[in-house]
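Down below is the structure, laid out as structure tokens.
The values are calculated or read from the model by the stated rules, or taken from the named source; none is laboratory data. All of these numbers come straight from a predicted model, not from anything done at the bench. Cβ placement follows ideal geometry from the backbone for every residue including glycine, while neighbour counts extend to all protein chains displayed. Accessible surface is based on the protein model in full, side chains and every heavy atom, while ligands, DNA and RNA are left aside. Shrake-Rupley method; radii C 1.70, N 1.55, O 1.52, S 1.80 Å.
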Amino acid sequence: MKVFRGLPNAESRAPCALTIGNFDGVHLGHQALLARVREAADRLGLDAAVMTFEPHPREFFAKLAGKPENAPARIANLRDKLQSLADAGIDRVIVEHFGSHFAGLSPQDFIEKILVQGLHVRWLMVGDDFCFGARRAGNLQTLIEAGKKYGFEVHSMPTVTNAGVRISSSAVRAALAAGDFELARRLLGHSYAISGHVVHGKKLGRTIGFPTLNMRVGHKHPALSGIFVVQVHGIGNAPLPAVASLGVRPTVDDSGRVLLETHLLDFAGDCYGKLLRVDFLKKLRDEEKYDDLPTLTAAIAHDAEQARAYFRENTGFAISATDRI
């Protein structure tokens, strides 16, 4: 899969079947849409392409309004989004920077400069509520009319449901915020996970007896925070039991930087630089700020024992690195 930051250069602008969206989480609804794009691309002899945005458009507008706290929580980092798109059989992903220039494009400019000239779209699928262009002035009907003029097909996809539940990124965010990982799994089609490379930290964990694998989170609004039972893929052939903290570490850090810290229950070794995947299984509690390190250490010890109890009670629960619904 080829990934472009912005529009491809002239040599890479092969005609394509395209869909457009944020694709945060790439849930089952997204997967159904992507399957339609892949089918159309195969039938028409085109590349299957996705245009997505960084940052999330709602994050851009929240900052523009001076209320960055209103930015939507992020389900997936860009790495995980791209991996999910690759797994869906997409050939080409255009990661478009969503800033003032892009936000200010008129619907007509978006169609001509982006879809027609920039991407050579021949087949397009969007959600039935899709809006685009400055002040969201363009909609599905705008695209249908443009398709007749410029020679591309336009199709829409209605909302996908599962057992009567509307599948959406908002529903996934709500499930994760509530710690309902089973519902999140049903909406996503797989366990919720975050992947990343292990980086060096302050080494505080090892001084208090709980060394951690540190992974940076590239945005300030993760869809969940707190202390969790997790399992870690990427070290050996089987997932390893662990306990993890996802948040801003209020007891030891006042920078506001979000970090995923994972303590493996039955492993000791050097993992720096490794690409790991952390699957979230159960929420234990929210983050707390403690008065001193001994109190923090005692809390971590209790978390680790709860995690061990979870794995004792759920013998055989661990899934393989390739498990997907």
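Looking at the square roots a ≥ b ≥ c of the eigenvalues of the Cα gyration tensor of the chain, which shape do they give, rounded for a/c under 1.5, prolate if a/b is larger than b/c, or oblate?
prolate
Considering only protein heavy atoms, what per residue accessible area in square angstrom results for the chain with a 1.4 angstrom probe?
For the chain, the solvent-accessible area averages 48 Å² per residue.
Below 20 Å Cα-Cα, how many Lys pairs turn up in the chain? Only count pairs eight or more apart in sequence, or on different chains, if you could.
14
State the antiparallel share, in %, of DSSP beta bridges confined to the stretch 87-238, rounding to the nearest 5.
45 percent
Amide H neighbours of Gly127 under 5 Å, counting only residues 5+ apart in sequence or on other chains, H built in-plane at 1.01 Å?
Met157
Which ³J(HN,Hα) values in Hz, rounded to whole numbers, follow from the phi angles of the stretch 261-270 under the Karplus curve 6.51 cos²θ - 1.76 cosθ + 1.60, where θ = phi - 60° and Gly and Pro get x?
10, 10, 9, 6, 7, 9, 7, 9, x, 8
Using modelled amide H (1.01 Å from N, peptide plane; none on Pro or chain starts), what sits under 5 Å from the amide H of Arg74, excluding residues fewer than 5 places away?
It is His221, Ala223, by chain and number.
May I have the extent of the alpha carbons of the stretch 109-233 along their three principal axes, as whole Å values ordered from largest to smallest?
Result, largest extent first: 67, 36, 28 Å.
If I compute solvent accessible area with a 1.4 Å probe over the protein chains, what percent of it on the chain is carbon and sulfur?
Carbon-and-sulfur percentage of accessible area, whole number: 51.
Quote the FRET efficiency, to the nearest 0.05, computed for Ala137 versus Glu287 with a Förster distance R0 of 41 Å and r equal to the Cβ-Cβ distance.
Calculated value: 0.45.
Please sort through the DSSP H helices of the chain and keep those with an alpha-carbon extent of at least 27 Å along the long axis and a Kyte-Doolittle average not below -0.5.
In the chain, the long hydrophobic H runs are 293-313.
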